[in-house]
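Structure first, commentary second.
The values are calculated or read from the model by the stated rules, or taken from the named source; none is laboratory data. Predicted model only: the values in this text are computed from it and were never measured. Cβ: placed from backbone, ideal geometry, glycine included. Neighbour counts: every protein chain shown.
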Amino acid sequence: MKKKYFLWEWRTIICLMIGYALFYFVRKNLSMAIPAMEAQLGLSKVQLGIFMTLNGVIYGASRFVNGYLVDRFSRRKIMSLGLLLSAAVNFIIAFSPKMNGFLNLLDGEGKATMGLVYLIGSLWLVNGYLQGMGVPPCVSLLSHWIRPKELPTKQSIWNTSHSIGAGLVVLLCGFLLKTYGYSAWNLCFIVPAAIALVGVPVIFFGIKDDPTEVGLPPVEKMDEESAEKKAERPISNALQHKIMQKMVFQNPIIWIIALANFCMNVIRGTILDWGGAFLVQDKGLEISVAGSVVGACELFGGILGMLAAGWVTDRFFQHKAHRTCLVCMILTTVCFFLFWGSTQLWATIVFLVLSAFFIYGPQALYGTCASMQCTKYAAGTGNGIIGILGYLSTFVSGIWFGHIAGSALGWNRVYVLTIAFGVVGSIIIALLWRIPADGYEKVNRIIAENPDL
């Protein structure tokens, strides 16, 4: 039985990694297509920036809505449907100028009218909601298939799919534009969407919602240490609602994690969204070098940082992911402070990449914290809460910091505020230092105290 469980566990992790990496193929492709769309269609940075900001807000709201849904309905069906529809939206965007004959989308010079601007913008907002159907099923499925004491390490492995997907689609779109020119901007939507469709059957047929669907006991039963955590009786809708209220909405731990996640995302957004700009404008790096440094932040920080944080949590902190998050937040803040004060090239590069390395620990583990504290019964909803607050951070790291950087205050004020968010985020997550690794003891009490539900 343990061998069968082991095979299904890793089958689930691998299928989710493939599936979620392909979500990024139909999400991060726009960032590479932007220069070509500006040149060929005449779209402005302001217009595209508005689409991207609103897309992020809708994405955060969608994660909350779908987090609630995946705790009640089939997770694999929601995820596979989201990827299918997101690919479809990308195809429509690619061929939208072809609709000019009856929608008046192009002017006499072949540039976009406001009709095409609104059409593409609206489609990208729809895509924002569909993208929110990716993470909630993943975190819920992982909490159903992975034992709580192994969740930090193995969910961190899955988290690398973020960086893998983002890195591959950037390389793919860069190759397409270099080979076929800016006039082929629509290939940045067509080719990634076609590849993403491969992930739909991988998710739908490769994954099961729960171990019981393949004749295995619930995941807690696979580990004698946590056997007592198992609720023996079925969970009714009324009891599920009770658990969700107590473990998520009325649980101060989740709201503290959400606030800490907000601060973390401000730092992450500053490094990854503005890194190229402040490395060139403030630190004096060549654009090619700056691009390589930001790429190292994503790949080195994104993949190695996540894997290291998960391993450290299970190896040294007894599966208490919130403790790893505190250590990482402190080290990120220190490294970014040293980056700010650096005057030599090697120090600038090393301390920025180290800032990214440490920030990706909390980026991976705050979701794990929510899953473990909410337990498998409400992991999707808990991650929805921290997700929506996380993406509201774009109003700070994006709009506010962009305004400050362009004013007389300049990048130094951005650095100060970024460090301040690091300090505040560290203080917030430090409040949870003494809490247990997971919430299964609490959820068992809720189940025992409500025998009639």
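Table for the structure above
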quantity: Residue list for region 28-39, filter: more than 19 Å from Leu130 (Cβ to Cβ) and either surrounded by fewer than 19 Cβ atoms within 10 Å (Cβ to Cβ) or small (Gly, Ala, Ser) (or both); calculated: Ile34, Pro35, Ala36, Glu38, Ala39
quantity: So Leu171, is it assigned to a helix (DSSP H, G or I), buried (at least 17 other Cβ atoms within 10 Å of the Cβ) and without any contact (Cβ under 8 Å) to a residue 60 or more places away in the chain; calculated: no
quantity: Test: Phe25 is crowded, with 20+ Cβ neighbours inside 10 Å and in the same structural domain as Ile157 (by TED's automatic domain parsing); calculated: yes
quantity: Hits in region 1-14 (condition: within 22 Å of Leu84 (Cα to Cα) and surrounded by fewer than 22 Cβ atoms within 10 Å (Cβ to Cβ)); calculated: Arg11, Ile13, Ile14
quantity: So Leu141, is it surrounded by fewer than 23 Cβ atoms within 10 Å (Cβ to Cβ) and part of a helix (DSSP H, G or I); calculated: no
quantity: Count of region 313-334 residues which are free of Cβ contacts under 8 Å to residues at least 40 places away in the same chain and polar (S, T, N, Q); calculated: 0
